Amino acid sequence: MSDKENLTVLVWEHAPSRFSGTDLNLLLKLAGLSAREGFAFAGVERLAVMCGVKPRALRYALRTLVKGKALKVQNRKGQSNKYFLNVEELKKLPSIHGAEPTEEAVKLAFDLEEGWRVHLNAVIPADWRTTWPVELQKLFDAGHTDAQLRPILKFARLHEWWSEELRKNGAHGLVRNFTAIFEHYTKAQQKAAA
């Protein structure tokens, strides 16, 4: 495998965990243009054409990548800029292959599916076996335990408003709104105890 392929593989392996769209496309183009040392020479207009965007959108993507520490830019007056892929920072980003859910997340997803099917006679989301374990893994990775998550997820499943949110937005809605669901659950528990 050549050094250029190594840089491209590195970008594909780590950058999608943080960057997408034009930002990711630009990183991939620069990896392909880069020398073994991890730098490339290119003008903004050329990169814009390569990425299929206007120069203004490309400049915005460059600022995002510089701010995200994935890229350093050396402006060279009268010449093409020199772009340095920050290999060490890219390696620090999570690997897309590390996104495999643990057995604990898979079991919790299975148990939730069972609860929906048996107790609610609800329609089971089509992405249950693929998306739900991965999304639940994010909650485990955030430090929550199975014992903590089960009553909160049951609360969300049985709550009129939150169950509708889960029906509409599935696992992504659950993870995105978990803090609010947890706060609502805590208030309901306090109210029931009073």
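The residues of the range 19-37 that are buried (at least 17 other Cβ atoms within 10 Å of the Cβ) and under 25 Å from the mean Cα position of the chain (by Cα), listed by number, are Phe19, Thr22, Asp23, Leu24, Asn25, Leu26, Leu27, Leu28, Lys29, Leu30, Ala31. Checking the stated criteria, Arg167 turns out to be part of a helix (DSSP H, G or I), over 30 Å from Ser34 (Cα atoms) and at pLDDT below 85.
All conditions in (1) within 23 Å of the chain's Cα centre (by Cα); (2) surrounded by 14 or more Cβ atoms within 10 Å (Cβ to Cβ) hold for Ala40, with the sole exception of (1). Looking at the range 145-194, which of the residues that are open to solvent by less than 60 Å² (accessible area, probe 1.4 Å) and of a type in the set (Gly, Ala, Ser) is nearest to Glu103 (Cα to Cα)? Among residues in the range 145-194 that are open to solvent by less than 60 Å² (accessible area, probe 1.4 Å) and of a type in the set (Gly, Ala, Ser), the one nearest to Glu103 (Cα to Cα) is Ala171. When residues in the range 20-64 are screened for being of a type in the set (S, T, N, Q) and modelled with pLDDT of 90 or more, 3 of them pass. Give all pairs with beta carbons closer than 7 Å in which a residue from the range 65-91 that is on the phi < 0 side of the Ramachandran plot and at pLDDT 90 or above meets a residue that is open to solvent by 70 Å² or more (accessible area, probe 1.4 Å) and among the aromatic types (Phe, Trp, Tyr); count only pairs at least 6 apart in sequence or on separate chains. Every condition considered, the pairs that remain are Lys82/Phe41. Residues of the range 60-80 that are open to solvent by less than 100 Å² (accessible area, probe 1.4 Å) and closer than 12 Å to Thr22 by Cβ: Ala61, Leu62, Thr64, Leu65.
The values are calculated or read from the model by the stated rules, or taken from the named source; none is laboratory data. Quick caveat, the model's predicted, so the values are computed rather than measured. We place every Cβ from the backbone using ideal geometry, glycine too, and count neighbours over all the protein chains shown. Just the protein is used for accessible areas: all its heavy atoms, side chains included, with ligands, DNA and RNA removed. Shrake-Rupley method; radii C 1.70, N 1.55, O 1.52, S 1.80 Å.
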